[in-house]
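The values are calculated or read from the model by the stated rules, or taken from the named source; none is laboratory data. This one's a predicted model, so the numbers in the text were calculated from it and none came from an experiment. Here the Cβ positions follow ideal geometry from the backbone for every residue, glycine too, while neighbour counts run over all protein chains shown. Note: accessible area is taken over every heavy atom of the protein model, side chains too, but ligands, DNA and RNA are not part of it. Shrake-Rupley method; radii C 1.70, N 1.55, O 1.52, S 1.80 Å.
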Amino acid sequence: MTRLPRWADLILTPLISLALAFAISAVVILAIGQDPWAALKTMVTGAVGSSYGWGYTLYYATNFIFTGLAVAVAAHAGLFNIGAEGQATLGGLGVALVCLALPWPHWALALPAAMLGGALFGAAWALIPAWLQAKRGSHVVITTIMFNFIAAALLNWVLVNVLRPPGSQDPATANFPAGTHLPTLSDMAGAIGVQWGKATPANVSFLIAIAACLLVWLLIWRTPLGYEIRAFGKSERAARYAGISPVRITVVAMLISGALAGLMAVNNVMGEAGRLVLNNVEGAGFIGIAVALMGRNHPLGIFLAALLFGFLYQGGAELALFSNIPRELITVIQALVILFTGALDNMVRMPLERLFGRRAG
Amino acid sequence: MTATDSVAGRHAAPETASVAPAIELRGISKAFGPVQANKDISMTVPRGTIHGIVGENGAGKSTLMSILYGFYRPDAGQILIGGRDAGITDSQSAIRAGIGMVFQHFKLVPNMTVLENVILGAEDSALLAPSLSRARGELRRLAEEYELQVDPDAVVETLSVGHQQRVEILKALYRHADILILDEPTGVLTPAEAEHLFRILRGLREQGKTIIVITHKLREVMEITDNVSVMRRGEMVATVRTADTSPEQLAELMVGRKVLLRVDKAPARPGAPVLEVVRLEMVDRTGVTRLRGVDLTVRAGEIVGIAGVSGNGQTQLMEILGGYAEPGARVTGAVRMNGADLPLTRTDAAARRRAGIGNIPEDRQVEGLIMDFSCWENTVFGHHRDPEYQSGPLMDNDRVRQRAERLIAQFDVRPANCHLAARNFSGGNQQKIVVAREIEEKPALLLVGQPTRGVDIGAIEFIHRRLIEMRDAGAAILLVSVELDEIMGLSDRIVVMFDGRIMGERQPDQTSAAELGMLMAGVEGGGIPPAQGQPRAHPDARPDLAKGIL
């Protein structure tokens, strides 16, 4: 089999897939009598045409980076973690409990504690499926899906019966104390004397997400643990031959994965909402699967793919607001992107391989 | 034996004049990207002969046969079957042209019966019953004609490997194959099964069938073929009458230089026992008893070879010793390393390595290497947590790479590029990576499983020499191989395993392939003394070759 050059594999293939997805989206938009060019302009302007747009795009991207990394770490161990949604839900609970526990004097103190809370809760939620897989052979795909539902139900119960402030009719926690409010990116730009944007939700968590990308890269490609995770993901029998414990790697990889998903709550719960509400993850756990797939489980790819999906989310919201294109079509466009960059990847890859193979020959 | 005797007379006169040859290849070329797999290959196979094709891995044998069987289209060249252009474009047209192929890995549906497997894809009506009854009659006829007895109603997975192979041959004959291609047909057979196969092939030749055998076992080429073609690096370097050549000459043609077929070694000087296995029993998680009280000692400075047909407990023994037996198995008995008991209940291959046990596993592609990892990453596989490869919390990849480059040079791994993924190396070079890694750690005990399976002659010679060097340096080596010649050539002592038991121990210079073969088949005491037996039917008829590595 001909191998593609690395740059073609990492850049050309997704770009062509993306172009195909947009082309088909354009046909669909034409078919309902709208102007695809105007739609694209609305999306681009809305998502990246202003600091306001960027503020939302980066906010969404931050969520997707965390869940994308979560899916990727598990994928390197050969585990398909579909439970990032539930793990992020539980991470939200962890963050909320930390934020409400103390009258935090300053966000810089609250943030590390909240990160720890989110990561611990997310990891704990991944631990049970991991343990069942490692010890009992219950497939992690099935159990993590089920744990998403359990997480949603658990959050529902906790918000209605435990954390709801007395007298409130809203299934949500009280607002977090002011000392837990994270600085937005525009606050931070202002602090260094740059005027950038205004009240948008992108916050300091974005920088944490970037740091997480770096740390995951180090973990996977530079540490003995990462070596073992990758080896186990490629061949369980070889891993056993090399003295790598399948039980240990399954559990450890899922713990890291769950912790990363749980960390997402620092962005959406602590950074944006300032309280814990129902369904606060809004599907970001599932988008993480597409992001990891498109980013080839590499942190840099995940970063770029998360930006793309942030763009699609924000651009799609703008499109629904400022055009006659129905909201459902946004989902269609997002689905096409996932379809082409993920599921139909080989459709683009194989002709490319033939092309490169001929050139090399 | 009369059939075999009459065939022997034809051995020297394979040519059937004035009839168009069964197969004629003219100028076949095939490239995969930059790799020229077949270069202008021409070959003629006369009707009613057995034709051997030998060559190292990657020499292009499989590509050539795949072209003949319609899997690949050649870039240039012509295939004539019976003198006419057969127009082979896919395997369907190859079958129509009368070509049948028996693959190394059988293409049978394990949970279907022999009969169902035979008609699979050749059902000739919407209802199965008429096809089945026709096939039943046809099978009976074929069975009588060619000694191809198989119970048509047996489920394939219950059959022995030798019988499964017969089903493959029957499948081809049922489709009216006149030309039969067999790829490494004896790789999985016991010596007796191989002998039976040869009888079948001679019978088929008697009936005018043409047979092509791809193999790397030169002894078999000498025994069964009429003519032999040698391939090297995509080219056909020679086609000779088997009677006019010798294994040494064929090996030289294959490799392109003189090859030492015999393992050259001094007598062993065994020291203190390093490994002691006492009454080792193992029941796997499905409840099957795999080891039934194995007793075994390996001393420093000696190679103990375990002969046996694969699947008789060798794998389980090696996995237990290496500390990576499948979880859930029940193991009893004792394993001592330099007198100290090793824990058997907990499997921990890393601890075994620290205890000084090196391990070249039976299946390098599934166990010994991570195929997608680069060569340099693979050179620390299993030792990746050793302190010398760490710097702080990270792995010292620079150091690992430098070491990998040194190993590549020392073990002559080709291509000498430690950044290539393991899967991009040939089988022999993959094995060299594993051997280099395990030998480099200087273990007191080295477990070696199938060290040369699928490995080129040149690399076999190299690997064998390294193992002997290790032995001479005082290491204890436990060798498992299904290649009897390898066992006989390398070992200082031979034990034979059958059904999870040690059947007996022999000295390599005081036994014969025939005697070991009987032990391997579970016959107590080896049945026939080495001096007797049936000379022509057994490999030891060629004492000059019995010790060879091929």
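Numbers at a glance
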item: Tally of residues being open to solvent by 10 Å² or more (accessible area, probe 1.4 Å) and at the interface with chain B (Cβ under 7 Å from one of its Cβ atoms) across region A:233-246; result: 5
item: Conditions (1) more than 7 Å from every other protein chain (Cβ to nearest Cβ); (2) farther than 14 Å from A:S235 by Cβ; (3) open to solvent by 60 Å² or more (accessible area, probe 1.4 Å): number failed by B:Q365; result: (2)
item: Criterion: closer than 21 Å to A:L4 by Cβ and outside any helix (DSSP H, G or I) - qualifying residue of A:R354, A:R296, A:R349; result: A:R296
item: Residue identified as at pLDDT 90 or above and part of a helix (DSSP H, G or I) among B:I494, B:I487, B:I502; result: B:I487
item: The listed residue being under 22 Å from A:A239 (Cβ atoms), in contact with a Lys or Arg (Cβ under 9 Å, 6 or more places away or on another chain), assigned by TED's automatic domain parsing to the domain that holds B:Q507 and hydroxyl-bearing (S, T, Y), out of B:T347, B:T332; result: B:T347
item: Given (1) over 19 Å from the mean Cα position of the chain (by Cα); (2) open to solvent by less than 60 Å² (accessible area, probe 1.4 Å); (3) touching a residue at least 24 places away in the same chain (Cβ under 8 Å); (4) more than 14 Å from chain B (Cβ to nearest Cβ), number of the condition A:F356 does not satisfy; result: (4)
item: When residues of region A:302-346 are limited to those that are of a type in the set (S, T, Y) and part of a helix (DSSP H, G or I), the one modelled with the lowest pLDDT; result: A:T341
item: Single unsatisfied condition, B:Y324 versus (1) facing chain A (nearest Cβ under 10 Å); (2) buried (at least 18 other Cβ atoms within 10 Å of the Cβ); (3) more than 27 Å from the chain's Cα centre (by Cα); result: (3)
item: Complete set of residues in region A:212-232 that are facing chain B (nearest Cβ under 9 Å), more than 16 Å from A:G78 (Cβ to Cβ) and of a type outside the set (A, V, I, L, M); result: A:W221, A:R222, A:T223, A:P224
item: Selection count where residues are assigned to a helix (DSSP H, G or I), without any contact (Cβ under 8 Å) to a residue 40 or more places away in the chain and in contact with a helix residue (DSSP H, G or I) (Cβ under 6 Å, 6 or more places away or on another chain), scope region B:384-430; result: 5
item: Top-ranked residue in region A:202-232 [being of a type in the set (S, T, N, Q) and buried (at least 23 other Cβ atoms within 10 Å of the Cβ); ranked as modelled with the highest pLDDT]; result: A:S205
item: Of all residues in region B:368-382 being in contact (Cβ under 8 Å) with a residue 24 or more places away in the chain, buried (at least 24 other Cβ atoms within 10 Å of the Cβ) and not in a loop (DSSP other than H, G, I, E, B), the one that is nearest to the other protein chains (Cβ to nearest Cβ); result: B:G368
item: Of the criteria (1) at pLDDT 90 or above; (2) out of contact with any helix residue (DSSP H, G or I) (no Cβ under 8 Å at 6 or more places or on another chain), which one B:S66 fails; result: (1)
item: Residue list for region B:449-469, restricted to those being part of a helix (DSSP H, G or I) and open to solvent by 20 Å² or more (accessible area, probe 1.4 Å); result: B:E461, B:F462, B:R465, B:R466, B:E469
item: Selection status of B:G333, more than 14 Å from every other protein chain (Cβ to nearest Cβ), without any contact (Cβ under 8 Å) to a residue 60 or more places away in the chain and touching a Leu at 6+ places or on another chain (Cβ under 6 Å); result: yes
item: Residue check, B:L407 more than 7 Å from chain A (Cβ to nearest Cβ), of a type in the set (A, V, I, L, M, F, W, C) and either under 20 Å from A:R248 (Cβ atoms) or open to solvent by 10 Å² or more (accessible area, probe 1.4 Å) (or both); result: no
item: Selection status of B:D386, acidic (D, E), under 30 Å from B:T315 (Cβ atoms), surrounded by fewer than 22 Cβ atoms within 10 Å (Cβ to Cβ) and over 26 Å from the mean Cα position of the chain (by Cα); result: yes
item: First in region B:255-283 and of a type in the set (F, W, Y), second anywhere and open to solvent by less than 50 Å² (accessible area, probe 1.4 Å) and part of a loop (DSSP other than H, G, I, E, B), Cβ under 6 Å, 6 or more apart; result: none
item: Subset of region B:331-356 that is closer than 18 Å to B:G293 by Cβ and not in a loop (DSSP other than H, G, I, E, B) - its residue that is least open to solvent (accessible area, probe 1.4 Å); result: B:V335
item: Among residues of region B:34-77, those that are open to solvent by less than 40 Å² (accessible area, probe 1.4 Å) and of a type in the set (G, A, S), counted; result: 8
item: From B:I433, B:I494, residue being aliphatic (A, V, I, L, M), open to solvent by less than 10 Å² (accessible area, probe 1.4 Å) and within 20 Å of B:V274 (Cα to Cα); result: B:I494
item: Test result for A:A199, in a loop (DSSP other than H, G, I, E, B) and either surrounded by fewer than 21 Cβ atoms within 10 Å (Cβ to Cβ) or touching a Leu at 6+ places or on another chain (Cβ under 9 Å) (or both); result: yes
item: Contacts under 7 angstrom Cβ, first residue in region A:116-142 being touching a residue at least 40 places away in the same chain (Cβ under 8 Å), partner of a type in the set (F, W, Y), 6 or more apart; result: A:W125/A:F147; A:P129/A:F147; A:V140/A:F80; A:V141/A:F80
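Each row is one residue, and each column tells you yes or no for (1) more than 14 Å from chain B (Cβ to nearest Cβ); (2) out of contact with any Lys or Arg (no Cβ under 7 Å at 6 or more places or on another chain); (3) surrounded by fewer than 24 Cβ atoms within 10 Å (Cβ to Cβ); (4) in a helix (DSSP H, G or I).
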| position | (1), (2), (3), (4) |
| --- | --- |
| A:L20 | yes, yes, yes, yes |
| A:V27 | yes, yes, yes, yes |
| A:V44 | yes, yes, yes, yes |
| A:G55 | yes, yes, yes, yes |
| A:A61 | yes, yes, no, yes |
| A:A70 | yes, yes, no, yes |
| A:G86 | yes, yes, no, yes |
| A:L100 | yes, yes, yes, yes |
| A:P103 | yes, yes, yes, no |
